[in-house]
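Engineer: For reference, the structure I am asking about is given below.
Read-outs throughout are calculated quantities, based only on the coordinates presented, and are distinct from any laboratory measurement. Predicted, not measured: the structure shown is a model, and the values here were computed from it. Cβ coordinates were reconstructed from backbone atoms using ideal geometry, including for glycine residues, and neighbour counts include every protein chain displayed.
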Amino acid sequence: MDQIVVMHNRKAVTSSLNVASVFGKEHRGVLRDIDNLIEGLAQIGADLFFETTYIHEQNKQEYRMFLMNRDGFTLLAMGFNGKEALQFKMKYIDAFNQMEEQFKQPISSTKALLQAALEQEERISGVSDRVELLENNMRIDGAQEYRINKKGRGKVVECMGGMDTKAYKEISKRAFSQFWNEFKKYFEIPRYGDLPKTRFDEALQFISEWSPNTAMRMEIKTLNAQQNLNLNDGEFQ
């Protein structure tokens, strides 16, 4: 009796061969009853009964057999009468219940595991989001601030033509002011020390590509040209 109901394709089923054996009927008679039910049920019958085959243990021949779910068995067993038939029906119902309950438990466990995994993933995602937020809000450290300051000052001196030039001596303050104002405006920060750590490399690239505006470049050129002219005049005196 333990095997009167089995799992097949994730469904609890029993076989026509099993039903015939338990209820003491000829298998061909059970097959005939199922054929009649399928004919009367039309398309619905395909959802209740599944025709297959089995190999007879003695003659090794292949014969027809049906698998049926709970509803299929219920319809078939309606025509089985008698006290023993009622007891057998109850045993089948219990067997279906037990098999379906056993099948539900792994699903429930799997569902619980999946739910737990999903919740864990959400927690990890939340932590990752917070870490990313912290990283985006972190400011450059002292060493990075020093590098930006040094590289920025070096860039301005380079654009002036050097620290010994007339341009540097006369307008370097304005040049430094222009550079840092453009730097802070580009990165939308009040001071260069507030630069986000994630944009440090971008800041170095900005400095490398920076140059004074057109008016200041012309002024630098004019001042340094005057210095060179004065030096040349001194050589001829």
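Engineer: At a threshold of 8 angstrom on Cα-Cα distance, excluding pairs fewer than six apart, so keeping six or more, what relative contact order does segment 142-236 reach in percent? Before the final figure, lay out each step's value.
Structural biologist: Details: 55 pairs, mean separation 34.6, N = 95.
RCO, segment 142-236: 36 percent.
Engineer: Counting only Cα atoms, I'd like the Rg/Rh figure for segment 142-236, Kirkwood definition for Rh. If you can, show how the numbers build up before the last one.
Structural biologist: Values: Rg = 15.6 Å, Rh = 14.4 Å.
Result for segment 142-236 is an Rg/Rh of 1.08.
Engineer: Under the rule a/c < 1.5 gives rounded, and otherwise a/b versus b/c splits prolate from oblate, where does segment 6-103 land using the Cα gyration tensor?
Structural biologist: rounded
Engineer: List the residues, sorted by chain then number, that are 5 or more residues from His8 or on another chain and whose placed amide H is less than 5 Å from its amide H.
Structural biologist: Residues meeting the amide H criterion: Val13.
Engineer: Rank the residues Tyr146, Tyr168, Tyr54 as a footprinting-exposure proxy: fewest other Cβ atoms within 10 Å of their Cβ go first.
Structural biologist: Values: Tyr146 11, Tyr168 20, Tyr54 14.
So the residues, fewest neighbours to most, are Tyr146, Tyr54, Tyr168.
Engineer: Now, a different point. Determine the relative contact order of segment 6-103: mean sequence separation of Cα pairs under 8 Å and six or more apart, normalised by residue count, in whole percent. Show your work: numbers first, answer last.
Structural biologist: On the way: 97 pairs, mean separation 30.8, N = 98.
After rounding, I find 31 percent.
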